[in-house]
Amino acid sequence: MMEKLSRYNHFFQMVDTFRVVYNALSGAVVRMTPQHFDPLIEQGRSGEWQKLPGSVLGMLREGGMLVPGDMDELQKVRDRYREKRRATNTLSLTIAPTLDCNFACPYCYESRKPGKMDRKTRNQLLDFTRDKLETGGKLSVTWYGGEPLLVPDVVITLTNEMRKLASKKAATTDFSMVTNGYLLARPIAEKLSAAGVREVQVTLDGPPEIHDTRRKLRDGGATFTVILENLKNAVDLFETVRVRVNLDLENRHAWKRVKEILKEAKLLQHVKLSPGMVEVVSDTDASYRDACMDAGRFSDVLVNWMLESYHEGRRDALKLPRMPVCGAVSENAFVVSPDGALTKCWNDVGNPGKAIGHVSNPHGFNGNSEKWKNFNPVDWPECRDCDMLPICMGDCPDRLMRLGPGPACTRWKHCLREAVILHTLSRIKEEKHGKTG
Ligand code: SF4
Ligand code: SF4
């Protein structure tokens, strides 16, 4: 049978002595000499690649870079995406027990509202969970807000109740929390951990002189010192502690100082630090638009980040991209507001006009759910023809629907080359260490 080169191949020159081919659909990387690489980069325009040695063709076949001539790879991408979206063995809930917050961050897109999830709504949410969770499946819950630790009683009680409910259905659980970290004092952290919260994510936007001008209390008070102290006291209680650094044009290098501070505090080896991009997603934060980076600028940050990670031997920070499937377009994923309203996208939490239904009715979703159900990046001609499609899928569905391809394109478009090369170099380093013992 005739074979063809995959449309999702990416060719990168590494050093003088060898090259890499990366396939965005399989995720495989094949290393080769320039002599074998050069006929390939013509991508079938000449048939020269067919004369490559059988061993090289075998590697390419195994890596999904060489596929049967009649294979419809676009259909394969569609099928894989559909399958992932329809998977119902995991129920993913992002729960905002309150929309109130003790912080006043300038880039926040949420409208603050006092109040918390009441007992009636909590019971309805438990019934909803019972209905949607498959026996033997998995319950994945992310506590979110507002600031969830303003109402720790709701979080702890519901986590305990949901864990028991899941156990009756022989389902596994995975509880995590996104918090600003200010109220994560040891006694609360102990209770969260005992209830089953395994992962927390806090945010530091730079050293105190930067962080405290951005992530301040509503009365303007500083928060950095308290958060760092809380981290020191709570880090041993959770399986994973993430520290995110929200970056924009003003603080785009601040992650370096956060890293140094965490190192000085002997925390760096215990946390997963990652840079994040501040984005404007609604009218609430529209005034912040000029301060934001676009994906290209943010990719420069990521390249620096990956380079440092490579030099430090931190392979976990050099993972290759995989097909992203946002909960907003997944069948069994929901965002729950304090009043029990259900939305699909995190950006819509607390927005009644965007709700798709209510926890009291697990099967009655309204017309707002249609745009998420019908979302398909392949509907955009640019995405259909894009060689990044399997690792982008329109990236954030909300962004793609609002802005279209171009502004919505994945950051990998700007830094895939560096990611693949550094990932490969780190593998080579590891293999060498393996060999020398
Ligand atoms: S659609 Fe975009 S903003 Fe909404 S939850 Fe998904 S990734 Fe986040
Ligand atoms: S959003 Fe951009 S990078 Fe992503 S698949 Fe579409 S065209 Fe490609």
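On inspection, M277 does not qualify as in contact (Cβ under 8 Å) with a residue 12 or more places away in the chain and more than 15 Å from D398 (Cβ to Cβ). With respect to the conditions (1) modelled with pLDDT of 90 or more; (2) within 16 Å of ligand 1 (Cβ to nearest atom); (3) over 30 Å from R119 (Cα atoms), D348 lacks only one, and its number is (3).
Out of L91, L66, one residue alone is more than 30 Å from P338 (Cα to Cα) and among the aliphatic types (A, V, I, L, M). It is L66. Condition (residue is within 16 Å of ligand 1 (Cβ to nearest atom), touching a strand residue (DSSP E or B) at 6+ places or on another chain (Cβ under 7 Å) and farther than 26 Å from Q75 by Cβ) applied to region 355-378: is it met by at least one residue? The answer is yes, given that some residue of region 355-378 is within 16 Å of ligand 1 (Cβ to nearest atom), touching a strand residue (DSSP E or B) at 6+ places or on another chain (Cβ under 7 Å) and farther than 26 Å from Q75 by Cβ.
Yes/no per residue for (1) buried (at least 17 other Cβ atoms within 10 Å of the Cβ); (2) more than 9 Å from ligand 2 (Cβ to nearest atom):
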residue: M388; (1), (2): yes, no
residue: M393; (1), (2): yes, no
residue: P397; (1), (2): yes, yes
residue: G404; (1), (2): no, no
residue: A408; (1), (2): yes, no
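Checked against the criteria, V336 does not count as in contact with a strand residue (DSSP E or B) (Cβ under 7 Å, 6 or more places away or on another chain), at pLDDT below 95, within 30 Å of R112 (Cβ to Cβ) and within 15 Å of ligand 1 (Cβ to nearest atom). Residues that are within 26 Å of N376 (Cβ to Cβ) and without any contact (Cβ under 8 Å) to a residue 40 or more places away in the chain number at least 2 in the following helices (runs of 4 or more DSSP H) confined to region 1-90: 73-86. Considering the conditions (1) surrounded by fewer than 17 Cβ atoms within 10 Å (Cβ to Cβ); (2) modelled with pLDDT of 90 or more; (3) touching a helix residue (DSSP H, G or I) at 6+ places or on another chain (Cβ under 8 Å); (4) in a helix (DSSP H, G or I), L249 is excluded by exactly one of them, (4).
Which of the residues spanning region 359-381 are among the hydrophobic types (A, V, I, L, M, F, W, C) and either under 16 Å from V349 (Cα atoms) or free of Cβ contacts under 8 Å to residues at least 24 places away in the same chain (or both)? Passing the criteria: V359, F365, W372. Residue pairs whose Cβ atoms lie under 9 Å apart, separated by 6 or more positions or on different chains, with the first residue in region 309-328 and touching a residue at least 60 places away in the same chain (Cβ under 8 Å) and buried (at least 16 other Cβ atoms within 10 Å of the Cβ) and the second among the polar types (S, T, N, Q) and in a loop (DSSP other than H, G, I, E, B), are P321/T410; P324/T410.
The values are calculated or read from the model by the stated rules, or taken from the named source; none is laboratory data. Owing to the predicted nature of the structure, the values given are computational and were not obtained by experimental measurement. Reconstructed Cβ throughout: ideal geometry from the backbone, glycine too, with neighbour counts over all protein chains shown.
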